[in-house]
């Protein structure tokens with residue numbers, strides 16, 4: 001017997017299925033952890049983000065917002081890194097981080113919270129488009145376990161993941177606002193949170209989403225006013241978010257990224273045909289990446305039911321709702337087109353990163369169609385159609401990855417059996433029972449996919465116990481320059497007992513609270529990196545040792561002297577004979593028992609210099625005494641009879657300003673890297689003040705203020721325009737029968 005269930009859920013049903021969504025996400029995380037307990041602590045998460053949380057948290061606890069840390073040199077300009085300095089939830093994550101020694105646990109819990117936020121956001125979107133709560137919950141549970149999200153954004157690229165989690169709530173709130181069922185504040189807040197994670201992809205994707213929703217609402221409501229209202233509020237959120245990206249935009253000319261450009265190549269561009277793999281769990285798509293052409297992970301997978309379920313949509317009824325679903329379709333189509341290229345659009349590179357948006361758009365579209373127009377009449381004929389679709393999935397997956405054809409056959413048969421069970425439950429029991437099985441199926445699929453990808457090709461295997469790592473590592477005081485190459489560490493030695501007890505790569509030094517010159521950075525200073533041939537992960541070329549001790553001609557000082565470096569650590573695998581040679585002048589070789597296998601250490605003969613005279617590193621024809629020092633300001637008492645120069649151990653990022661006795665004077669950059677100030681002749685005990693602020697910070701502050709003022713105005717309009725009888729949304733603004741649902745979500 002076919003049981004037809006109401007699409008007019010009670011408030012209780014909305015909350016219950018929302019809870020089921022959250023619990024389903026938790027269960028899915030449990031399945032993934034059974035396959036790999038470190039899945040959510042790998043690649044960039046372990047090497048970039050979590051150490052950054054620890055460092056930022058320590059600084060915040062000291063009352064400092066670390067927009068700049070000069071001693072971190074390569075990655076020290078945190079106004080342009082993925083630090084989320086203007087994102088309140090991220091600052092809370094930072095504040096907690098130093099109190100947790102188990103970094104795997106902390107990263108996993110943080111990501112689980114955002115996975116729940118993401119799942120509930122997708123659940124909300126489905127509801128505002130009229131889906132029944134069961135199908136909305138299926139979409140919400142499924143989204144964190146779609147291919148690219150699970151294997152890249154959740155496992156590695158944290159800011160992409162958090163940005164997406166906030167963006168989906170902006171989508172739901174945006175539709176509600178456009179339809180008069182909610183106010184502008186949620187739209188503004190969620191958009192701002194998505195933008196201010198300080199990663200450009202979620203910001204641009206949020207703009208794409210708002211554009212798609214605006215088009216959809218214009219088509220659906222056939223009036224400009226709601227669309228314009230949504231666009232204005234979204235523009236205000238973007239205005240407030242401008243402060244996050246202005247420093248990067250105004251510093252781009254000195255970074256690796258450079259200025260805007262559009263290029264195309266095949267690296268991480270995904271042919272549209274790969275989306276035909278979206279429902280076969282065994283799929284290994286074919287496109288060019290770090291691992292060649294056939295990928296080792298199912299990154300284009302979306303959901304097991306996505307394609308076969310199309311056979312169970314009543315398309316005659318669905319055609320009548322095309323106007324309302326236009327926004328979802330536009331978003332999915334735009335995302336699908338983006339994944340195919342161009343390969344680089346300014347700071348946006350590697351179009352495969354947009355695969356989560358393809359998954360989001362298609363998952364929403366299918367689940368809303370199922371949630372409104374699912375039918376199991378003529379289930380035998382529809383079952384045959386679903387079997388044909390599964391066959392097409394197998395053919396496409398076999399074409400991309402023919403060597404694993406047996407796995408694809410098994411997956412296709414399992415998919416058919418699972419689909420048959422869901423149809424049987426829907427026909428004989430209820431939609432709730434069918435969807436429950438669909439949700440449960442997500443968990444073993446996630447487990448099998450992750451387990452099949454082991455050992456993961458992405459892990460750095462950095463130590464996750466901070467206390468143990470600090471205890472094992474040498475007590476390096478002051479500022480350390482390491483010259484090493486991560487590629488020279490054998491996989492078996494990437495442990496705390498091995499190389500990681502002596503060497504740091506990425507941001508690992510922040511985990512163990514040591515001050516190292518290098519760090520993980522996607523935005524490195526081009527000229528400094530070129531000077532030491534230093535790469536994004538802190539690795540260097542063999543010539544870096546010579547370059548570090550080379551004399552800069554205009555100052556007569558070596559590069560390490562201009563940097564005020566206290567110690568140079570040489571990776572023995574890169575410099576096997578260095579310690580057998582005489583130490584450079586003013587330096588000595590120092591033994592650190594237990595670490596000789598991996599490092600040779602040079603330290604200054606006269607002790608630490610990094611704190612002797614502020615950040616002054618060279619003085620010519622003048623006297624200069626530091627009187628006050630902070631990360632962003634150096635105050636110096638200077639004198640010079642005939643004119644001189646003071647060079648600072650500060651990287652010449654845009655944003656510096658210099659005054660002498662209160663009058664602005666220009667500054668220069670030595671070797672295209674070090675900040676230097678010419679002292680006028682006749683200066684006597686003059687006060688030199690060198691300050692750095694993120695470029696455009698005044699404009700950014702004004703933009704935030706204007707955004708908030710504009711939001712207040714639109715909120716006033718919203719409150720003023722509401723009448724008592726408008727507590728329930730207008731019938732034409734929502735799908736039939738969903739007034740109670742909209743009221744519950746208000």
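Quick note: the coordinates plus some simple rules give every number you see, no bench work behind them. Note that the structure is a prediction, hence the values are computed from the model and not measured. Here Cβ is always computed from backbone atoms with ideal geometry, including for glycine, and neighbour counts include all displayed protein chains.
Estimate the FRET efficiency between residue 597 and residue 452 by the formula 1/(1 + (r/R0)^6), using the beta-carbon distance for r and 30 Å for R0, to the nearest 0.05. The pair residue 597/residue 452 has a calculated efficiency of 0.25. Centre-to-centre, using Cα atoms only, the range 495-514 and the range 580-635 are separated by 21 Å. Between the labelled values (i) 47, 28, 26; (ii) 52, 31, 20; (iii) 115, 30, 24, the entry that holds semi-axes √(5λ) of the Cα gyration tensor in Å as derived from this structure is (ii). Note on residue 232 and residue 668: their simple-model spin labels are 5.4 nm apart, each label 7 Å out from Cα toward Cβ. With the highest mean first, a sort of the peptides 55-64, 528-537, 71-80, 271-280 on other beta-carbon atoms found within 10 angstrom per residue produces 71-80, 271-280, 528-537, 55-64. The long axis of helix 11-35 is offset from the longest Cα principal axis of the chain by roughly 60 degrees. Which residues does the label zone of residue 345 cover in the range 197-231, counting backbone N under 14 Å from a point 7 Å along Cα→Cβ? Counting only backbone N, you get 200-212.
Counting only alpha carbon atoms, the long axis of helix 184-195 and the longest principal axis of the chain meet at about 50°. The packing ranking, built from the mean of other Cβ atoms within 10 Å per residue, places the peptides 428-437, 43-52, 645-654, 132-141 in the order 132-141, 43-52, 645-654, 428-437, highest first. Is the range 621-692 best put as rounded, prolate or oblate by its Cα gyration tensor, with a ≥ b ≥ c the root eigenvalues, rounded for a/c under 1.5, and otherwise prolate when a/b is larger than b/c, oblate when not? Judged from the Cα gyration tensor, the range 621-692 comes out prolate (a/c at least 1.5, a/b above b/c). What is the helix-to-structure angle for 355-373, meaning the angle in degrees between its Cα long axis and the longest Cα principal axis of the chain, kept from 0 to 90 and rounded to the nearest 10? Between the helix axis and the principal axis of the chain, the angle is about 20 degrees. How would you classify the range 372-455 from its alpha-carbon gyration tensor, with a ≥ b ≥ c the square roots of the eigenvalues: rounded for a/c under 1.5, else prolate if a/b is greater than b/c, otherwise oblate? In terms of gyration-tensor shape, oblate. Projecting label points 7 angstrom from Cα along Cα→Cβ for residue 657 and residue 392 puts them 6.2 nm apart. The calculated FRET efficiency for residue 62 paired with residue 543, based on their beta-carbon distance and R0 = 56 Å, is about 0.90. Annotation: peptides 193-201, 701-709, ranked by per-residue average of other Cβ atoms within 10 Å with the highest first, follow the order 193-201, 701-709.
Label positions at residue 410 and residue 428, each projected 7 Å from the Cα along the C-beta direction, are separated by 2.7 nm.
Here r is the Cβ-Cβ distance between residue 266 and residue 95 and R0 is 35 Å; the resulting FRET efficiency, rounded to 0.05, is 0.25. With 0.36 nm allotted per residue and the present C-alpha distance subtracted, the residue 698-residue 513 stretch has 63.4 nm of extension available. A Cα-only calculation for the range 482-588 places Rg and Dmax at 14.1, 46 Å.
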